[in-house]
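Q: First the structure, then my questions, so here it is.
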């Protein structure tokens, strides 16, 4: 499972030119789900994301996580994170989970975030979405559950 995190001042998701969801200060997560991902991948990523100290203190040091700043999180499913251009010019998505695997894991991931009692918003799984955001910093990080040692 891949989580691409962006520290944002705001993010808005629109579908068919209509506002679907939005947050102010917090984290935008683009979530890619691999065909071999399981619940433990989601659990690992949520723990890392919640504790990620990407927000600055008064000395401009990144010492605060999203809970400390009372921020919000917006999660958008993005199977293209598992796109591969190694062969040819058209991306292959053979490693991306099919909808019947990805959708339940996506919802599980979101449910885990909601346990932290902060504002959680989402995109719409499988929809064509327009994302309007202000990446603050800019800060963009990638966490891949397959690269990390899991307990």
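Q: Please compute the modelled spin-label separation between residue 84 and residue 124, points set 7 Å along Cα→Cβ, answer in nm with one decimal.
A: With each label point 7 Å from Cα toward Cβ, the separation is 3.2 nm.
Q: R0 = 22 Å: FRET efficiency of residue 61 with residue 134, Cβ-based, nearest 0.05?
A: Numbers: r = 22 Å, r/R0 = 0.98.
That gives a FRET efficiency of 0.50.
Q: Taking the chain as a Gaussian network, where each spring joins two C-alpha atoms under 10 Å apart, which residue of 132, 65, 37 fluctuates the most?
A: It is 132.
Q: Would you mind ranking 147, 130, 41 by Cβ crowding within 10 Å, fewest neighbours first?
A: 147, 130, 41
Q: If you don't mind, there's one more thing I want to ask. Does anyone have the angle between helix 39-51 and the longest principal axis of the chain? Alpha-carbon axes, 0 to 90°, nearest 10?
A: 20
Q: Shifting gears a bit: Enumerate the residues in region 108-130 having an amide nitrogen under 11 Å from the point lying 7 Å beyond the Cα of residue 70 toward its Cβ.
A: Counting only backbone N, you get no residues.
Q: Using a Gaussian network for the chain with springs between C-alpha atoms less than 10 Å apart, which of these wobbles most: 18, 119, 103?
A: In this elastic network of the chain, the residue with the biggest mean-square fluctuation among 18, 119, 103 is 18.
Q: Please determine, in degrees from 0 to 90 and to the nearest 10, the orientation of helix 99-114 with respect to the longest principal axis defined by the Cα atoms of the chain, where the helix direction is its Cα long axis.
A: Tilt relative to the chain: about 10 degrees.
Q: While we're on this one: Figure the gain on full extension for residue 39 and residue 114 (residue separation times 0.36 nm, minus the Cα-Cα span) and round it to one decimal in nm.
A: Separation in residues times 0.36 nm, less the Cα-Cα distance, equals 25.5 nm.
Q: Sketch the reach of a paramagnetic label on residue 14 as a point 7 Å from Cα along Cα-to-Cβ, and name the residues of region 116-134 whose backbone nitrogen lies under 20 Å away.
A: Output list for this probe position: 121-134.
Q: Obtain the radius of gyration and the Kirkwood radius of the chain from its C-alpha atoms and give Rg over Rh. Could you put the intermediate results ahead of the total?
A: Details: Rg = 15.3 Å, Rh = 15.9 Å.
Rg/Rh for the chain comes to 0.96.
Q: For 82, 20, what's the fewest-to-most ordering of other Cβ within 10 Å of each Cβ?
A: Working: 82 21, 20 16.
With the sparsest Cβ surroundings first, the list reads 20, 82.
Q: Continuing with this model, one more query. Rank the residues 90, 53 as a footprinting-exposure proxy: fewest other Cβ atoms within 10 Å of their Cβ go first. The partial results should precede the final answer.
A: On the way: 90 8, 53 13.
In order of increasing Cβ crowding within 10 Å: 90, 53.
Every number here is computed from the coordinates shown, using simple stated rules; none is lab data. From a predicted model like this one, the values you see are computed outputs, not experimental measurements. Here the Cβ is made from the backbone with ideal geometry for all residues, glycine too, and neighbour counts use every protein chain on show.
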